[in-house]
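Scroll down for the structure; my scribbles are underneath it.
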There are 2 protein chains.
Amino acid sequence: MCATAILFSTISSIVSADDHGLSQASIEHASTLRDTAMAGSGAYAIVESLTTEVGPRLAGSESEARARDWGKKTLQSLGFENVRIETFEMETWERGEEHASLVSPFPQPLAITALGGSVATPPEGLEAEVAIFESLAALEAALPGSLDGRIAYVGHAMQATQNGSSYGFYGRLRREGASIAAARGASAILIRSIGTDSHRMPHTGQMRYSEEAPRIPAAALSNPDADQIERIALRGKPIRARLKLTPRFVGTRLSGNVIGEIVGSERPEEIVVIGAHLDSWDQGTGAVDDGAGIGIATAAAKLILDGGKRPRRTIRVIYWGAEEVGLLGGSAYLEANRGELANHIIGTESDFGAGRVWQMNAQVSKEGQAVVDLIGQLVVPIGIARGDMDKAGSGPDLTPMVRAGLPSFRFAQDGMDYFDLHHTPDDTLDKIEPAALDQNVAAFAVFAWLAADSTVVFRRAASSELEK
Amino acid sequence: MCATAILFSTISSIVSADDHGLSQASIEHASTLRDTAMAGSGAYAIVESLTTEVGPRLAGSESEARARDWGKKTLQSLGFENVRIETFEMETWERGEEHASLVSPFPQPLAITALGGSVATPPEGLEAEVAIFESLAALEAALPGSLDGRIAYVGHAMQATQNGSSYGFYGRLRREGASIAAARGASAILIRSIGTDSHRMPHTGQMRYSEEAPRIPAAALSNPDADQIERIALRGKPIRARLKLTPRFVGTRLSGNVIGEIVGSERPEEIVVIGAHLDSWDQGTGAVDDGAGIGIATAAAKLILDGGKRPRRTIRVIYWGAEEVGLLGGSAYLEANRGELANHIIGTESDFGAGRVWQMNAQVSKEGQAVVDLIGQLVVPIGIARGDMDKAGSGPDLTPMVRAGLPSFRFAQDGMDYFDLHHTPDDTLDKIEPAALDQNVAAFAVFAWLAADSTVVFRRAASSELEK
């Protein structure tokens, strides 16, 4: 740790206490937390426990309820304070059977999965000619009525990026494709999975219907199956497919956010939020999405809890419920805690897998930037570069609060292989490298400690006007 | 191709025509065939056609019948002679539904698949406590009656090898595990897949019941699911699981071998066999197992067909039927062609995926060894080393003929990742590298041409005594 010691002396000389309101002892403590995490953070054991003892935990399901029990018990047994569950109601969707096959010209089964929120096919399934579109833009260019009862197939193959920034572009097909196809007359839509692997693993994920078009069944094909359909299409013969999906909404069920705290020593009412989402899709065990985040946030807070110093402000760990189906936990939390919003100082979430952090982004006040700069310098030795310092976003579940004025901070994880596993049965524990989790924990501990032990206002003057 | 030219002059100087009965022109022709194949053999297009236009083709099924039609049409359109299908009858097994889940202590679904030939569970499924065994040896050590209605789980995790030699050792669990467990009282068996990947892809494959034990349902768990069960077992609580399988034997159906030839110019009655098996398991499209072999053998023969020289002996290309369920095509062929057995000079099969050949093995007469040596020297430039020259085996479908005295020859493909895909839904075209197929074709063309253009007797004096 020689390099770290040299770095640390550099930091102390360039950042004065006046800029960030943090003592040298506090900065040294952050550095110790970081090094302790890198030597073994315990995050993997937490993910192991969640994914083994609960497994899949679809929003609103009985298994998500068991995950909340697991979360409460875990936070209590680790010694957090004020451990509680804030429940909320939600309309709950369940996957049913899902089968698809090509009927002609070359009969064969297809590996598919229903998109979250999809309606069912008729109970006996449906069979129709397939209209092939190589991109979402091509589908959008089709005339209303032109699909005429056919099944729309849309290619639009996702490409991997380090920062995951193309999820929005490619993911629009999953989110909006059904209604775009239905508006043109389609009876169902099959999309190429929003995923970057080449396994027979279709990727699920939430979709939404617009009010303007009929609700048609929507499913994703694995990439090899999409390749197959495209190869067959090149042969020029009409393609007919059969599709059967039996998902349904089962009514109003409970979800909830699980909360635990390290109560601040001087300003207990001021809150720094760290967390991850507790729910997962139903086919994998949600190891990478987002068991990893649960392990990272929990282990970082636990290191602080065990570090022998209590921060000035409260650190609130939140396990968000029902993220996958539309950030329901984040919205419910804002609703329930709107009166306390101004006391939420800053926050971040880990929800981009189990890869290493490579960059740090933020959007805070000038005063807050001094603390962010300090965090940035403390995480250089663990491979994290300074990124965009005017980037809104603290992770999905904090989006409602960020929109309402919460200052933004986020560690960017390497996501080159994130969409290989994302929303597939393959999202299981064996895909996680414990040392990469430790690096994330080190970064989270530095952030949470320094943000909570400082007294600076991270909120930009302008952004407070956004608050309702 | 400078290095090749140098090599070739070396060969001509060290091997005289007296040793192998081959003219210098014939050897030069083999070298040209090799180089032509390396520049682009056409094998990939053949696999692409089979896997796209037929897809999965389970032994005895309607899709295997379509594969035979495809095979006959393909061999005819490529210009082979005497193209025909030799059919045989077989008892045909079909996969049904397959579901498994843990009931306690941690309820969650499990990714499983029925082993080929397995009986069904009761229609409503079965639920029982799970008895954990970490290896086949541990299961065998259990006392008769000790499993008492429980579901046996057996670990026995396969390790990858370059030559695939551990398939026999690990695969015994799949083949024999059900009866071993049933003899000890088990109501069903769940095995860790005989596979080396870490995806939620259970590996199927044929199993056999012994006469001495009740027939119990048998299924494989994916490796991540097996890991999960073993992690849960470490927590020490009883594990209960539910299993539903509905496979069945549907009666006697047809399978068949598809045959095409290049008729020899001088000794048309003498036959050199090359081939691969046409059937596949039902979940993937059988690209690697064994579409690749179909592409390799066909492209090699086609190169010879197009090479402007007819070999002295006949080259017979055989697409074997119903290999996966017990080498039925190989046995039926021997039965149907027993009178011609002595005219089968030598043969080989490609059935170990789409990886490059790294070694050559054989078991032939001293006279035949001179030709094998020549083949060996011609394939050194494409990365193939000399292996065991007293190794019986020409590939699975030739096993009945090798047992009856057929001389052995085989190119060993690199199989380090073969058991990642083997017998899973993931065995699809995207896993094949065309250039690796070309190298296989180059090797096959050298073998087929030189074996068929020579006049040597490959059969060892002793081995002919084995003939019935």
Checklist outcome for this item: Ignoring ligands and nucleic acids, chains B and A bury, in total, an accessible area (1.4 Å probe) to the nearest 100 Å² of about 2400 Å²
Checklist entry - Can you give me the relative contact order of region B:135-218 as a percent, contacts being Cα pairs under 8 Å and 6 or more apart? => result 36 percent
Next on the checklist: Name the residue from B:Pro144, B:Ser331, A:Phe411 whose Cα lies farthest towards the positive end of the charge dipole of the protein assembly as shown, charges +1 on Cβ of Lys and Arg and -1 on Cβ of Asp and Glu.
Outcome noted: B:Pro144
Checklist outcome for this item: Normalised Cα Rg of region A:259-368, dividing by 2.2 N^0.38 Å with N its residue count, works out at 1.12
Checklist outcome for this item: With every protein chain in place, the residues of region A:88-136 shedding 20 Å² or more of accessible area versus the chain by itself (probe 1.4 Å) are A:Phe106, A:Pro107, A:Gln108, A:Pro109
Next on the checklist: Just to be sure I follow the definition: excluding the sites themselves, where is the longest run in chain B that has none of the GluC sites (Glu not before Pro) in a DSSP loop with at most 12 other Cβ atoms within 10 Å?
Outcome noted: B:267-468
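Could you tell me which of rounded, prolate or oblate describes region B:346-468, using a ≥ b ≥ c as the square roots of the eigenvalues of the alpha-carbon gyration tensor, with rounded for a/c under 1.5 and, failing that, prolate when a/b is larger than b/c and oblate otherwise? Provide the component values of the computation, followed by the final result.
Details: a/c = 2.47, a/b = 1.52, b/c = 1.62.
Because a/c hits 1.5 or more and a/b fails to exceed b/c, region B:346-468 counts as oblate.
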Item to check | 1.4 Å probe, heavy atoms, protein only - residues of region B:163-202 losing at least 10 Å² accessible area vs chain alone | outcome: B:Ser198, B:His199, B:Arg200, B:Met201
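Among the trypsin sites (Lys or Arg not before Pro) in region B:152-218, which ones are in a DSSP loop with at most 15 other Cβ atoms within 10 Å of the Cβ? Mind listing them? Don't skip to the end; give the middle numbers.
On the way: sites: B:Arg172, B:Arg174, B:Arg175, B:Arg184, B:Arg192, B:Arg200, B:Arg208, B:Arg215; in loops: B:Arg184, B:Arg200, B:Arg208, B:Arg215.
Qualifying residues, ordered by number: B:Arg208, B:Arg215.
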Item to check | In degrees, nearest ten, helix A:292-305 long axis to first principal axis of chain A (Cα) | outcome: 10 degrees
Checklist entry - Rounded to the nearest 5, what % of the DSSP beta bridges within region A:229-330 are antiparallel ones? => result 40 percent
Checklist entry - In whole angstrom, and with the biggest value first, how far do the Cα coordinates of region A:75-171 range along each principal axis? => result 62, 38, 29
Checklist entry - Which percent of the Cα-Cα distances in region A:277-331 go past 13 Å? => result 64 percent
Next on the checklist: Using Cα-Cα distances under 8 Å and only pairs 6 or more residues apart, what relative contact order does region A:328-462 have, in percent?
Outcome noted: 39 percent
Item to check | With Cα atoms, 0 to 90° folded angle of helix B:43-53 axis to chain B main axis | outcome: 40 degrees
Item to check | About the Cα centre, charge dipole magnitude for the protein assembly as shown (Lys/Arg +1, Asp/Glu -1 at Cβ), debye | outcome: 300 debye
Checklist outcome for this item: Computed over the protein assembly as shown, protein heavy atoms only, probe 1.4 angstrom, the accessible area per residue in square angstrom equals 35 Å²
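To the nearest 20 debye, what is the magnitude of the charge dipole of region A:329-468 about its Cα centre, counting +1 on the Cβ of each Lys and Arg and -1 on the Cβ of each Asp and Glu?
Numbers: 11 positive and 20 negative charges, 127 e Å.
Dipole of region A:329-468, to the nearest 20 debye: 600 debye.
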Checklist entry - Which of B:Gly368, A:Val402, A:Ala39 sits closest to the plus end of the dipole of the protein assembly as shown, meaning its Cα is farthest towards the positive end, when Lys and Arg get +1 and Asp and Glu get -1 on the C-beta? => result A:Val402
Checklist entry - In a Debye calculation with equal point scatterers on the alpha-carbon sites of the protein assembly as shown and no solvent, what is log10 I(q)/I(0) at q = 0.05, 0.07, 0.09 Å⁻¹? => result -0.36, -0.67, -0.99
Checklist entry - DSSP beta bridges in chain B, what fraction antiparallel, as a percent rounded to 5? => result 55 percent
Checklist entry - Just for the protein assembly as shown, what percent of DSSP beta bridges are antiparallel, to the closest 5? => result 55 percent
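Using the crude model of +1 on Lys and Arg Cβ and -1 on Asp and Glu Cβ, and no other charge, please compute the dipole size for region A:68-146 relative to its Cα centre, in debye to 20.
Details: 5 positive and 13 negative charges, 98 e Å.
Charge dipole, region A:68-146, about its Cα centre: 460 debye, nearest 20.
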Checklist entry - Relative to the longest principal Cα axis of chain A, at what angle does helix A:366-379 sit, 0 to 90 degrees, rounded to 10? => result 80 degrees
Checklist outcome for this item: Quick calc of log₁₀ I(q)/I(0), chain B, Debye, one scatterer on every Cα, no solvent, q values 0.13, 0.14 1/Å, result -1.10, -1.23
Item to check | Cβ-based charge dipole, region A:72-165, positive-most Cα from A:Gly117, A:Met158, A:Gln76 | outcome: A:Gln76
Checklist outcome for this item: Expressed as a percent, the accessible surface of chain B that is carbon or sulfur, using a 1.4 Å probe and the full set of protein chains, is 52 percent
Item to check | Residues of type lysines that B:Lys431 reaches as a straight line, Cα spacing below 21 Å, ignoring anything fewer than 8 places off in the same chain | outcome: A:Lys431
Checklist entry - Taking only the alpha carbons of region B:32-84, what extent do you get along each of the three principal axes, in Å, biggest first? => result 40, 24, 15
Checklist entry - Tell me, which residues of region B:218-232 get at least 50 Å² less accessible area when the other protein chains come in, versus the chain alone (1.4 Å probe)? => result B:Arg231
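Could you work out the relative contact order of region A:54-109? I mean the mean sequence separation of Cα pairs under 8 Å and 6+ apart, divided by the number of residues, in percent.
Numbers: 30 pairs, mean separation 13.8, N = 56.
Result for region A:54-109 is 25 percent.
In peptide B:423-434, what is the residue-averaged number of other protein chain Cβ atoms found within 10 Å of each Cβ?
Values: counts 0, 2, 8, 7, 2, 10, 5, 8, 3, 0, 0, 0.
So the per-residue partner count for this stretch is 4.
Just from its helices, what would the mean residue ellipticity at 222 nm be for chain A, if runs of 4 or more DSSP H residues each count -39500 (n - 2.57) and the sum is divided by every residue, rounded to the nearest 500 deg cm²/dmol? Show your work: numbers first, answer last.
Working: 14 runs with 160 residues, N = 468.
About -10500 deg cm²/dmol.
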Checklist entry - What nm distance separates the two modelled labels at A:Asp430 and A:Val103, each placed 7 Å from Cα along Cα→Cβ? => result 3.8 nm
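Which semi-axes, in whole Å and largest first, does the equivalent ellipsoid of region A:385-450 have when worked out from the alpha carbon gyration tensor as the square roots of 5 times its eigenvalues? Working shown, then result.
On the way: eigenvalues 122, 56, 26 Å².
The equivalent ellipsoid of region A:385-450 has semi-axes of 25, 17, 11 Å.
The values are calculated or read from the model by the stated rules, or taken from the named source; none is laboratory data. Note that the coordinates shown come from a computational prediction; the quantities given were computed from them, not determined experimentally. Using ideal geometry, Cβ is built from the backbone for each residue, glycine included, and neighbour counts are taken over all protein chains shown. The protein model used for the area step is the full one, side chains on, heavy atoms only, and it has no ligands, DNA or RNA in it. Shrake-Rupley method; radii C 1.70, N 1.55, O 1.52, S 1.80 Å.
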